[in-house]
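Novice: Encoded as structure tokens, here's the structure I'll be asking about.
The values are calculated or read from the model by the stated rules, or taken from the named source; none is laboratory data. All values reported here derive from a predicted model rather than from experimental measurement. Cβ coordinates were reconstructed from backbone atoms using ideal geometry, including for glycine residues, and neighbour counts include every protein chain displayed. Ligands, DNA and RNA are excluded from the accessible area calculation, which covers all protein heavy atoms including side chains. Shrake-Rupley method; radii C 1.70, N 1.55, O 1.52, S 1.80 Å.
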Amino acid sequence: MKIINIRDALNENLDEMFKNPVVIPTETVYGLAAKIDSENALNKIFEIKGRPKDNPLIIHISSYEMLYNIVDNDIPEEYKALMDKFWPGPLTLIFKSKGIISSSVKGSSSSNTIAVRMPKSKLLRSLIEKIGVPLAAPSANTSGKPSPTCIQHAIDDLNDKVEYYIDDGPCSLGLESTVFGVIDSKPLLLRPGFVTKENIEDILKCEIIVKTKANSFEPNICPGQKYRHYSPSIPVILFKGNKWAQNMEKEYSKYSDKKIGLMCISSPDPKILYFRKFFNGKCIKEYANAIFAGLRELDKECDVIFVQGVSLENEGMAIMDRLEKASSIIFD
Ligand code: TXA
Ligand code: MG
């Protein structure tokens with residue numbers, strides 16, 4: 001296993017390196033990447049992560065030229081405005097594919113769609129440019145575990161299953177990209193992220209539909225929604241709403257003989273004896289950045305994790321999406 005700084009990686013033989021999946025840094029979370037024309041490496045991504053085969057991958061591009069090579073020319077007007085504003089950055093859009101793409105990166109074969117984003121980091125875009133082919137990359141965690149926000153998280157999960165780890169320090173955002181698509185003429189938010197519902201509505205001047213959970217009544221547009229996510233090996237209990245501290249204090253009596261890990265954003269703390277506190281951040285963006293690292297860290301040392309919820313405004317929607325998926329019990 002080799003850890004290489006991204007600047008040094010640019011001088012390596014990238015064709016050789018990308019014969020197998022490689023861990024890459026992005027502004028959101030670390031990804032496990034393969035060239036979209038390398039069927040063998042794409043298949044290995046699913047094996048290494050233990051990822052269900054029907055969950056398609058996000059494609060990372062470095063230029064509009066790359067985009068036009070893989071998507072149908074008929075790009076929705078809404079996307080043009082969103083790309084102008086948020087690319088490069090943490091926004092993934094669902095396009096109709098040109099039909100020359102491996103089924104591993106497509107949505108359900110009948111829909112023939114692909115999810116594409118242009119990552120923020122110039123160095124990563126230079127790497128993709130040098131490789132000359134877009135990279136498909138899901139988050140570089142074992143499926144079901146919290147996403148990796150630094151190289152060590154990816155190593156903890158994937159270890160010797162991957163030969164090359166490209167490092168660029170801790171991720172600046174720490175939650176996966178927003179996934180948005182206009183599907184059957186409906187504007188759908190499929191996964192909330194740092195590009196918020198409010199941000200998208202501001203640009204499109206209309207309300208968008210939040211469809212971030214799978215249900216059994218409708219066809220599944222975003223397959224990732226139906227799988228369990230972000231879960232440490234110990235129980236996570238989420239306390240939502242204004243009464244979060246009181247509810248935590250009440251629930252505490254059941255766990256007073258356990259090592260409690262506490263993750264919260266605001267003071268005053270609830271009156272509980274905790275074993276470790278991961279975070280008591282100042283703003284919602286810092287809290288978002290700490291969520292995955294906190295779940296991983298507390299998982300190592302504690303028996304149970306108590307988490308404070310936040311309201312759904314702005315980045316709060318992305319935080320609550322991840323926390324609700326990670327939790328085994330939720331108090332409202
Ligand atoms: O920030 C991110 O997006 C990170 C970094 C590495 O770029 N990637 C990431 O990938 O989070 P992943 O695989 O963990 O999540 C991709 C999500 C899944 O829920 C998947 O079902 C959905 O995007 N997706 C992929 N292709 C799709 C498509 N064609 N239509 C609808 N949803 C799609
Ligand atoms: Mg993921």
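Novice: Please check: in the Gaussian network model of the chain (C-alpha springs, under 10 Å), which one of ASN13, ASN289, ASN247 has the largest mean-square fluctuation.
Specialist: Top of the fluctuation ranking is ASN13.
Novice: Projected onto the charge dipole of the chain (+1 at Lys/Arg Cβ, -1 at Asp/Glu Cβ, origin at the Cα centre), which of GLY316, ILE100, ILE131 gives the Cα projection farthest towards the positive end?
Specialist: Farthest towards the positive pole: GLY316.
Novice: Counting Lys and Arg as +1 and Asp and Glu as -1, each charge on the Cβ, what is the dipole of the chain about the Cα centre in debye, to the nearest 20?
Specialist: 580 debye
Novice: For the chain, what is the percent of antiparallel DSSP beta bridges, rounded to the nearest 5?
Specialist: The antiparallel fraction comes to roughly 40 percent.
Novice: Starting with the highest mean, order 270-282, 52-64, 29-41 by the number of other Cβ atoms within 10 Å, averaged over the residues of each peptide.
Specialist: Going by the mean number of other Cβ atoms within 10 Å, highest first, we get 29-41, 52-64, 270-282.
Novice: At 1.4 Å probe size, with the rest of the protein present, what percent of the exposed accessible area of the chain is carbon and sulfur atoms?
Specialist: Reported share for carbon and sulfur atoms: 49 percent.
Novice: Per the helix-only calculation at 222 nm, which mean residue ellipticity applies to the chain, given -39500 (n - 2.57) for every DSSP H run of n ≥ 4 and division by its residues, nearest 500 deg cm²/dmol?
Specialist: Result for the chain, helices only: -8500 deg cm²/dmol.
Novice: Which length gain, in nm to one decimal place, applies between MET1 and ASN112 when the Cα-Cα distance is subtracted from 0.36 nm times their residue separation?
Specialist: Values: separation 111, 0.36 × 111 = 39.96 nm, distance 3.60 nm.
Going from the current span to full extension adds 36.4 nm.
Novice: Moving to a separate point now. If you average the C-alpha positions of segment 235-266 and of segment 180-215 separately, how far apart do those two centres end up, in angstrom?
Specialist: 32 Å
Novice: Give me the dipole magnitude in Debye, nearest 20, for segment 150-250 about the Cα centre, with unit charges on the beta carbon: positive for Lys and Arg, negative for Asp and Glu.
Specialist: Value, rounded to 20: 680 debye.
Novice: If you build the convex hull over the alpha carbons only and average its shadow over all orientations, what do you get for segment 83-207? Give it in nm² to one decimal. Please list the in-between numbers first.
Specialist: Details: hull surface 36.2 nm².
Average projection, Cα convex hull of segment 83-207: 9.1 nm².
Novice: Then there's this: Which distance in nm do the two modelled labels at ILE209 and ASN280 give, with both placed 7 Å along the Cα-to-Cβ direction?
Specialist: 4.4 nm
Novice: I've got another one for you. Straight distance only, please: which lysines reach the Cα of LYS282 with their own Cα at less than 19 Å, same-chain residues fewer than 8 apart left out?
Specialist: Within reach: LYS240.
Novice: Hey, can you rank 77-83, 192-198, 19-25, 233-239 by average C-beta count inside 10 Å, highest first?
Specialist: On the way: 77-83: 15.9, 192-198: 21.4, 19-25: 24.4, 233-239: 18.7.
Output ranking for 77-83, 192-198, 19-25, 233-239: 19-25, 192-198, 233-239, 77-83.
Novice: Within straight cross-link reach of LYS122, meaning Cα distance under 13 Å, which aspartates and glutamates are found once same-chain residues fewer than 8 apart are removed?
Specialist: In chain and number order, the partners are GLU27, ASP168.
Novice: Additional query: List, in the order given, every pair from LYS213/LYS243; LYS80/LYS205; LYS49/LYS98; LYS35/LYS98; LYS197/LYS325 whose Cα-Cα distance in the structure shown is over 23 Å.
Specialist: Details: LYS213/LYS243 25 Å; LYS80/LYS205 14 Å; LYS49/LYS98 27 Å; LYS35/LYS98 17 Å; LYS197/LYS325 19 Å.
From LYS213/LYS243; LYS80/LYS205; LYS49/LYS98; LYS35/LYS98; LYS197/LYS325, over 23 Å: LYS213/LYS243; LYS49/LYS98.
Novice: Using every alpha carbon pair in the chain, what percent of pairs falls into each 20 Å bin from 0 up to the bin containing the largest distance?
Specialist: Answer for the chain: a P(r) of 32, 57, 11, 0 percent.
Novice: If I model a spin label at LYS85 and LYS186 as a point 7 Å from the Cα along the Cα→Cβ vector, what separation in nanometres do I get?
Specialist: Rounded to a tenth, the inter-label distance reads 2.2 nm.
Novice: Stokes-Einstein D for segment 171-296 at 10 °C, 1.306 mPa s, Kirkwood Rh over Cα pairs, in µm²/s?
Specialist: 92 µm²/s
Novice: Express the relative contact order of segment 18-109 as a whole percentage, based on alpha carbon pairs under 8 Å and six or more residues apart in sequence.
Specialist: Contact order relative to length: 30 percent.
Novice: Another question, if that's okay. What does segment 1-95 give for Rg and for Dmax, in Å, if only its C-alpha atoms count?
Specialist: Both quantities, over Cα of segment 1-95: 15.1, 45 Å.
Novice: Can you pull the semi-axes for segment 39-89, root of five times each eigenvalue of the Cα gyration tensor, sorted largest first, whole Å?
Specialist: Semi-axis lengths for segment 39-89 are 28, 12, 11 Å.
Novice: Pop a pseudo-label 7 angstrom from the Cα along the beta-carbon direction at both SER311 and ASP15 and give the gap in nm to one decimal.
Specialist: Roughly 5.7 nm, to one decimal.
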